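Heads up, the thing below is written out as structure tokens.
The values are calculated or read from the model by the stated rules, or taken from the named source; none is laboratory data. On a predicted model such as this, the values are computed, not experimentally measured, just so you know. All Cβ positions, glycine included, derive from the backbone under ideal geometry; neighbour counts span all protein chains shown. What goes into the accessible areas is simple: the full protein's heavy atoms, side chains included, and nothing from ligands, DNA or RNA. Shrake-Rupley method; radii C 1.70, N 1.55, O 1.52, S 1.80 Å.
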Amino acid sequence: MIRLERVGKTFPGREGGVEALREVSLRVAPGEFVAIVGASGCGKSTLLRLVAGLVPPSAGRVLLDSVPVEGPRAETAMVFQAPTLLPWADVLRNVTFPLRLMKRAGPATEDRARGLLATAGLSGFEHRLPRELSGGMQQRVAICRALLQEPRVLLMDEPFGALDALTREEMSLELLRIWQGRQMAVLFVTHSIPEAVLLADRVVVMSPRPGRVADIIEVGLPRPRGFEQEGSDTFQHCARRIRALIYGDRLSRAA
Amino acid sequence: MQERPAGPAGGGFRLPAALRGAAPGLLAVILLFLIWEAVCRLFGIREFLLPTPSAIFSASIAAWPLLLWHAWATFLTVLWGFFASVAISLPLAMLIASSPAVSAAIYPLLVITQSIPKVALAPILIIALGANELPRIIVTFLVAFFPLVVGTVAGLLATPPELIELGRACRAGRMQELLRIRLPFAIPFVFGGLKVAAALAVVGAVVAEFVGADAGLGYLIQTSMAFFRTPLAFAAVVALAIMGILMFQAVSLTERLLFPWSSGAEPPAPGI
Ligand SMILES: Nc1ncnc2c1ncn2[C@@H]1O[C@H](COP(=O)(O)OP(=O)(O)OP(=O)(O)O)[C@@H](O)[C@H]1O
Ligand SMILES: [Mg+2]
């Protein structure tokens, strides 16, 4: 469904610009959950924005259903690193904003939005303004906004980064539950290795400067997933391999 | 505006609270008048030089139909000038914010209009356009519109890049981006500019009336000073101050009623 073929991205600037990504190749099947981990600044957000069609690649090709991505498309939705809510619109209008903007809002849109907000624990906050919500609540609104578009490709850029540890675990399981009920490919950027292993079918580990795919780890854990699996050998093995890929050269240099 | 503001969160205009908020200002004005009265009486300052507040008050009472009539004439000029500023500034600001090239072309012209003293411009306009309402409205507009343009442009350009990217991800065109994202974001900035413009419109109208008019508070000030009727001139000045305050409050009230989310998170008012 998503295919990246030797994708490179260089941002123009002084001294030849910044090379954010080099020779990134990746395939994501329909309905697959892929996590991306890597050091800060290794091009994870850039990778998502390429798939979203927000920036064009400088080299290689980004394909969606075998068609080159040339701009933002209706079947992809993105959860940004920051909540990016409209400060003047209440929660409900924020959640329905993309559909209204794309003239895809129907009579059932508002009810579905209320339902999603309820699953995110935001019942009763429909008519609050963003500035009246905590950072974590704002991010949950942003997640609801993306899910309401019923995307076939959901791009999530550290969606739980602003949440406290407890809400984070709760939201992870909630996301898995919603994902399992739909045919939706997810590209999920995170800084948390356990989170990546818990959620994903495969974990893409990126190396920094310029960003490349260091390796792709298959997570063989059965679904439905839960925190009790964290103690299992498979889980520990995957987490250890990812850690070795990220810190590997630094540790060997120290030795 | 397609994004209607959210329900009655906060906002809401309650009179007792408003009165309580105005009390310190009112006290300060009363105190100032008391000192003024005392100084005039103690030093025996003559009335045609500086009248006491009580003399101004009795002059206002004695000549109130005249005052009201002139105030009405000024008020119409102020309103027309203010609405002309709004009607021209908002589209102009959108044009300026649309591209750096347009902005580079238009901004110098705007700065030139601001550096020309309006008092010098008014007689030229009157000769060109005749002794009617139009030159006065134009002068009022010229005095009032600039902060509104600057404030609106600042708001349109201050829209966070993340919100612009959200719009692009939702496949919004440039027009949609402007109307559904940039313009709503700029609302608090627009109202900052409107408040300054409302106060300046009063200044502009009086400047125009000084130069060429047969009615209005500016005209009244000139004629009464010519006959040393200083208390009446001061009464006209007080009427102007009241008009400025009312204009400012009307804009604030509109903002609180139509955009309750805006007044809570106000940006620093743009400089004049
Ligand atoms: N619009 C841009 N213009 C210029 N350089 C950019 C731009 N966006 C990203 N970069 C550069 O590309 C590199 C990768 O940035 P990116 O935001 O993709 O990293 P990231 O992996 O998401 O980091 P983090 O984990 O901190 O969010 C960085 O060196 C950054 O400076
Ligand atoms: Mg990032």
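To the nearest ten degrees, helix A:91-101 and the longest principal axis of the Cα atoms of chain A are 80 degrees apart.
Ranking of B:Arg174, A:Arg243 by solvent-accessible surface, largest first: B:Arg174, A:Arg243 (1.4 Å probe, protein heavy atoms only, all chains present). Here the Gaussian network model covers chain A, with springs between Cα atoms less than 10 Å apart; of A:Leu166, A:Leu99, A:Leu47, A:Leu166 fluctuates the most.
Taking chymotrypsin sites (Phe, Trp or Tyr not before Pro) in DSSP loop conformation with at most 13 other Cβ atoms inside 10 Å as exposed sites, chain B has its longest uninterrupted site-free stretch at B:49-226.
When the P(r) of the stretch B:51-258 is calculated, the portion above 30 Å amounts to 34% of the C-alpha pairs.
A dipole drawn for the stretch B:51-258 from +1 and -1 charges on Cβ atoms has a positive end, and of B:Ala122, B:Ala84, B:Leu257 the residue lying farthest that way is B:Leu257. With all protein chains present, how much of the accessible area of the stretch A:1-101 (probe radius 1.4 Å) comes from carbon and sulfur, to the nearest whole percent? Using a 1.4 Å probe with all protein chains present, the stretch A:1-101 comes out at 50 percent carbon and sulfur. Of all lysines in the structure, the ones whose alpha carbon falls short of 24 Å from that of B:Lys118, not counting any fewer than 8 places away in one chain, are B:Lys195.
For the residues B:His70, A:His127, a 1.4 Å probe over the protein chains yields an accessible-area ranking, largest first, of A:His127, B:His70. Each Lys and Arg contributes +1 and each Asp and Glu -1, all at the Cβ; summed about the Cα centre of the protein assembly as shown, the dipole is approximately 500 debye. Using a probe of 1.4 Å, the accessible surface attributed to B:Ile30 totals some 90 Å² when neighbouring protein chains are kept in position.
Neighbours of B:Arg171 by Cβ distance under 11 Å: Lys/Arg scored +1, Asp/Glu scored -1, total +3. The Cα atoms of the protein assembly as shown define a convex hull whose projected area, averaged across directions, is 34.3 nm². Here is what passes the span test in chain B: the DSSP H helices with alpha carbon length of 24 Å or more along the helix axis and a Kyte-Doolittle mean of -0.5 or above are B:15-42, B:64-98, B:133-158, B:183-211, B:230-258.
Of the whole protein surface, A:Met156 contributes about 0 Å² of accessible area at a 1.4 Å probe radius. With respect to chain A, whose longest principal axis is taken over its alpha-carbon atoms, helix A:165-180 is tilted by about 80°. Using the Cβ of A:Ile36 as centre and a radius below 11 Å, the other residues enclosed give a net charge of 0, where K and R count +1 and D and E count -1. Of all the options B:Val207, B:Val190, B:Val39, the one that moves most in a Gaussian network model of chain B with Cα springs shorter than 10 angstrom is B:Val39.
Surface analysis of chain B yields an accessible area of 52 Å² per residue, using protein heavy atoms and a 1.4 Å probe. Counting only protein heavy atoms and using a 1.4 Å probe, the accessible area of A:Asp215 comes to about 60 Å².
Residues A:Glu15, A:Glu150, A:Glu174, B:Glu209, sorted by accessible area with the largest first, give A:Glu15, A:Glu150, A:Glu174, B:Glu209 [1.4 Å probe; ligands and nucleic acids excluded].
Taking chain A as a Gaussian network of alpha-carbon nodes connected by springs under 10 Å, the highest mean-square fluctuation of the residues A:Phe80, A:Phe97, A:Phe227 belongs to A:Phe227. Loop-resident trypsin sites (Lys or Arg not before Pro) (DSSP state other than H, G, I, E or B) in the stretch A:50-150 with no more than 10 further Cβ atoms inside 10 Å of their Cβ: A:Lys103.
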